[in-house]
Amino acid sequence: MQSDMHMMAPKSAGPADEDGDTAIVTETKPKTKRPPLYKVLLLNDDYTPMEFVVHVLERFFGLNHAQAFEIMLTVHKKGLAVVGVFSHEIAETKVGQVMDFARRHQHPLQCTMEKEE
Ligand code: TYC
């Protein structure tokens, strides 16, 4: 059992028990679901310069130059890569920053997000 689950005391039910001759007991547990996480993906294309992609990864994802170069090469070779995992709001912000920066520099670089399993 996860540490954020709690059992509640049994609760007797309503309408079916109005005349008091039955007792329906239901177990309820408060659900404290962790918010879903989102993968931010960078997609390959034939035109965006490698140095631009490395710069994007350093600037918006806090990667050092070696990490950024490695992920850029993975995208270049495999077609895409996960560049980070974030809350919905942070992932949306990152995607927006990358798409806006690429558009302003007239590169076709694409960045998307996808809910984690
Ligand atoms: N394929 C690009 C090139 O050869 C480089 C590139 C890498 C583009 C990663 C996009 O997300 C990307 N110039």
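A few comments on the model shown:
- Screening segment 24-36 for residues that are part of a loop (DSSP other than H, G, I, E, B) and open to solvent by 80 Å² or more (accessible area, probe 1.4 Å) and picking the one that is nearest to the ligand (Cβ to nearest atom) gives 35.
- Close pairs (6 angstrom Cβ cut-off, 6 or more residues apart or separate chains): among the acidic types (Asp, Glu) in segment 46-63, more than 7 Å from the ligand (Cβ to nearest atom) and in a helix (DSSP H, G or I) anywhere: 58/68
- Those helices (runs of 4 or more DSSP H) of segment 44-105 in which at least 2 residues are under 23 Å from residue 117 (Cα atoms) and away from the ligand (no atom under 13 Å from the Cβ), considering only elements entirely within it, cover 88-104.
- Tally of residues being farther than 11 Å from residue 40 by Cβ and either away from the ligand (no atom under 15 Å from the Cβ) or not in a loop (DSSP other than H, G, I, E, B) (or both) across segment 106-116: 2
- Residue match in segment 75-88 (condition: open to solvent by less than 60 Å² (accessible area, probe 1.4 Å) and out of contact with any strand residue (DSSP E or B) (no Cβ under 9 Å at 6 or more places or on another chain)): no
The values are calculated or read from the model by the stated rules, or taken from the named source; none is laboratory data. All of these numbers come straight from a predicted model, not from anything done at the bench. Quick reminder, even Gly has a Cβ in these numbers, built from the backbone with ideal geometry, and neighbours come from all protein chains shown. Surface areas here come from the heavy atoms of the whole protein model, side chains and all, with no ligands, DNA or RNA. Shrake-Rupley method; radii C 1.70, N 1.55, O 1.52, S 1.80 Å.
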